[in-house]
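Participant: Take this structure, written in structure tokens, and hold onto it; I'll ask about it next.
The values are calculated or read from the model by the stated rules, or taken from the named source; none is laboratory data. Just so it is clear, the structure is predicted and the values come from calculations on it, not from any experiment. FYI the Cβ positions are ideal-geometry reconstructions off the backbone, even for glycines, and counts take in every protein chain you see. Ligands, DNA and RNA are stripped out before the accessible areas are found, and what is left, the full protein with its side chains, is counted by its heavy atoms. Shrake-Rupley method; radii C 1.70, N 1.55, O 1.52, S 1.80 Å.
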Amino acid sequence: MSRDSFSKGVGVRADAQRNRERILDAAEEVFAHRGASASTEEVARLAGVAIGTVFRHFPTKDDLLAAILKRLLARLTEEAATLGGADGLHIFFRRLVEQAAAKRAVVALAGVSVPAAVGQLDEAVDELLRQAQAAGTVRGDVRRPEVMALLVSVCQGALQGGWDVELQERTLAIVFAGLAA
């Protein structure tokens with residue numbers, strides 16, 4: 001089995017897939033709380049697996065961090081697909097900014113730029129924008145590139161500044177007022 005197939009869970013035994021998910025869950029928690037000082041040994045301990053199991057799934061710490069981000073982006077994309085209507089874009093903005101602020105240690109450690117990561121969400125954001133405009137909550141002259149620029153900028157601010165909830169809300173209120181129809 002190729003390393004790529006193994007890392008994606010393709011053709012992997014059910015117990016190996018469960019271990020992979022436990023490792024990712026544990027890694028999210030460990031890196032969110034401990035930041036750069038966290039070790040893969042801490043991840044293994046919290047996941048209840050041997051360190052060799054962690055390295056079989058994720059040969060390097062960077063591989064583990066990249067997998068966490070990939071899973072987070074997949075969740076956000078799926079979540080965006082469940083949102084819609086008048087407030088879907090606003091809800092999505094809010095959740096993405098919360099994630100950027102909360103997961104800043106993981107994103108920083110993985111060396112993934114916010115613009116590159118958020119770029120994967122283009123289609124989902126485009127659909128949310130279309131629905132918000134159809135519902136009349138976002139101006140008709142707003143286009144996806146502007147929304148993506150705002151999203152990237154606000155997420156970058158939350159990521160770099162570790163924004164608290166109050167700052168997130170105040171900043172998003174200003175962004176939403178600017179988008180309002």
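Participant: Would you mind listing the helices (runs of 4 or more DSSP H) fully within the range 24-90 where at least 1 residues are loosely packed, with under 13 Cβ neighbours inside 10 Å, on the phi < 0 side of the Ramachandran plot and under 16 Å from the mean Cα position of the chain (by Cα)?
Facilitator: In the range 24-90, 61-82 are the helices (runs of 4 or more DSSP H) which contain 1 or more residues that are loosely packed, with under 13 Cβ neighbours inside 10 Å, on the phi < 0 side of the Ramachandran plot and under 16 Å from the mean Cα position of the chain (by Cα).
Participant: Then there's this: Tally up the residues in the range 158-174 that are open to solvent by 20 Å² or more (accessible area, probe 1.4 Å) and touching a Leu at 6+ places or on another chain (Cβ under 9 Å), please.
Facilitator: Qualifying residue count, the range 158-174: 1.
Participant: Go over the candidates Ala149, Ala108, Ala117, Ala132 one by one and state the one that is open to solvent by less than 60 Å² (accessible area, probe 1.4 Å), assigned to a helix (DSSP H, G or I) and at pLDDT below 80. It would help to see each step written out before you state the result.
Facilitator: Details: Ala149 fails: at pLDDT below 80; Ala108 fails: open to solvent by less than 60 Å² (accessible area, probe 1.4 Å); Ala132 fails: at pLDDT below 80.
One residue alone meets the criteria, Ala117.
Participant: Return the pair list, or none, for Cβ contacts closer than 8 Å from residues in the range 43-63 that are among the hydrophobic types (A, V, I, L, M, F, W, C) to residues that are open to solvent by 20 Å² or more (accessible area, probe 1.4 Å) and in a loop (DSSP other than H, G, I, E, B), at least 6 apart or on different chains.
Facilitator: Ala44/Ala50
Participant: Contact list please: Cβ distance under 8 Å, first residue in the range 154-177 and over 13 Å from Ala100 (Cα atoms), second residue open to solvent by 20 Å² or more (accessible area, probe 1.4 Å) and outside any helix (DSSP H, G or I), pairs at least six apart or on different chains.
Facilitator: What qualifies is Thr171/Trp163.
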